[in-house]
Amino acid sequence: MGKTLHIVLLIVISAVILAGCGTNTGSDDNTLEVALWDEKISGAVDASIEEFNKEHPDVEVKVTYTPYANYFTKLRTSLGGGSGPDVFWMNGPNFYEYATFGLIKDLEPFIEKDSEFSKDVYFDSVIDLYSHEGHLYAAPYFSDIVGLFYNKRLFDEAGLDYPDETWTWDDIKEKGELLTNKEAGIYGYSASVVSNQAGYYNLIPQAGGYMINEEKTKSGFDSPETREALHFVKDLIDEGIAPTVQTQIESNPRDLFMSGLIAIHPEISVNAEMFYSELGDDLGVAPLPAGKEEATITHGIGWAMNGDTEKEELAWELIKHLSGEKGNQFIAETGFSIPAQEDMSDLWVESIPGLDLQVFIDAQEVAYPYPLSQNTIQWQDIEQAEIQGAFLGYKSIDEALDNVAKEMNLILDTEQID
């Protein structure tokens, strides 16, 4: 009896070890796991999966939505343990880490043998964003770019003309002051410091500067142009035209805008549909005002494949449906954001007839890529802590920017060694 028990225990232990060493595929070859963070796009995702199931009726696709705050922590943990979803959303700040450490598959071998997939149909900006050493690692899904949203009702009450393509930084200050109503708690402009993508990242190239050089070897945060951009933000806050950083931390500028407490708010295109559902015909959009030059930051989301999945052919078929022509059509029709396939732009522009979404398409002509390097998250954590600390009064703007550049350059130096 003891011998029998010993054999049973060996079988159980072996099963546990095998289960622990396995990938995310498990024993069910007819299931694909998908992960992303924004449930507002669930309609488009479900429609693409339905199209996929017409060709693969026996495959079950399970979709998990995890809030962005926890998404990459959960994803990194699961992938590092040899499990995780087969297909999932990837963003720019995390891309290089996942690509260089083999956590996501190089899609180029699939593309080379698949005549149905062409990189030429997508916006160059999103292809470039998810390419590493000339190879694509995430199939473009949608593009997002920053525009100037405004509240028409507040402009009408102030007797001001709506923003247009002639606006500059001077207009932000002049019109923002006129739109500010301290008694009613209304700010003229958001001047976001809690969101770099929608906030000061746009002002820096408008001032003629950069966050990181093209070679990804040097920080631009200590440049005169970056100082000019951040001091412009400080002036707006000091004059009460924009909410303080403490206020922004307590109440996101995006929420204040939707509540009618901010008149002008730069924001990414992904929020157009949400803003319109809240503000209706009171919502308008215009190009970002120019500094020394016109500029806006562009980014986008791609579909990546688990580097350890054993269902790579099936996962590739799903990625094609999600990022293909019909997948982009579904995104466009929901109004969620600019589909990554350039030819689908017009369909998205028509998705919210009451809003001039063409502004975002035209902005591609003056777009700058979201700043990235191999260790983006590391230096961005320093950047945001230093800059927000300066706006909270712990140090000067110039001291904070010097610290960001110094620490960022050290990180970039290690990337060159690697």
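Brief remarks on what is shown
- Percentage relative contact order, the chain, counting C-alpha pairs under 8 Å, at least six apart: 24 percent
- The smallest convex shape that holds all Cα atoms of region 315-418, its convex hull, gives 178 Å³ per residue.
- Convex hull projection area averaged over all views, region 234-377, Cα basis, nm²: 11.7 nm²
- Binned Cα-Cα distances of the chain, short to long, each 10 Å bin given as a whole percent: 4, 20, 29, 24, 14, 5, 2, 1, 0, 0
- Between GLN248, ALA139, GLY82, the Cα set farthest toward the positive side of the dipole of the chain (charges on each charged residue's Cβ, about the Cα centre) is that of GLY82.
- For region 22-136, the Cβ-based charge dipole about the Cα centre amounts to some 520 debye (Lys, Arg positive; Asp, Glu negative; other atoms uncharged).
- Size of charge dipole - region 339-418 - debye, nearest 20, with Cβ of Lys, Arg +1 and Asp, Glu -1, no other charges: 320 debye
- Going from the fewest other Cβ atoms within 10 Å to the most, the residues GLU228, GLU310, GLU183 appear in the order GLU183, GLU310, GLU228.
- Centre separation in Å (Cα based) which lies between region 118-189 and region 372-396: 22 Å
- Greater than 26 Å apart at Cα, pairs in LYS40/LYS216; LYS54/LYS74; LYS74/LYS119; LYS74/LYS311; LYS175/LYS216; LYS173/LYS292: LYS40/LYS216; LYS54/LYS74; LYS74/LYS119; LYS175/LYS216
- Where the Cα pairs of region 294-335 fall when distances are cut into 5 Å bins, in %: 5, 18, 20, 19, 15, 12, 7, 3, 1, 0
- Estimated dipole of the chain in Debye, rounded to 20 [Cβ of Lys and Arg +1, of Asp and Glu -1, Cα centre]: 1460 debye
- Mean projection area, nm², convex hull over Cα of region 86-203: 11.1 nm²
- Ordered by the number of other Cβ atoms lying within 10 Å of each residue's own Cβ, fewest first, LEU412, LEU136 fall into the sequence LEU412, LEU136.
- Among the trypsin sites (Lys or Arg not before Pro) found in region 67-116, those both in a DSSP coil and sparsely packed, with 12 or fewer other Cβ atoms within 10 Å of their Cβ, are LYS113.
- Ranking of TYR201, TYR370, TYR187 by count of other Cβ atoms within 10 Å, fewest first: TYR370, TYR201, TYR187
- Qualifying chymotrypsin sites (Phe, Trp or Tyr not before Pro) in region 374-418, DSSP loop, other Cβ atoms within 10 Å at most 13: TYR394
- With the helix formula -39500 (n - 2.57) applied to DSSP H stretches of n ≥ 4, the chain reaches a computed 222 nm mean residue ellipticity of -14000 deg cm²/dmol.
Coordinate-derived values only; no laboratory data. Computed from a predicted model, the values in this text were never measured in an experiment. Please note: Cβ atoms are built from the backbone with ideal geometry, for glycine as well, and neighbour counts cover all protein chains shown.
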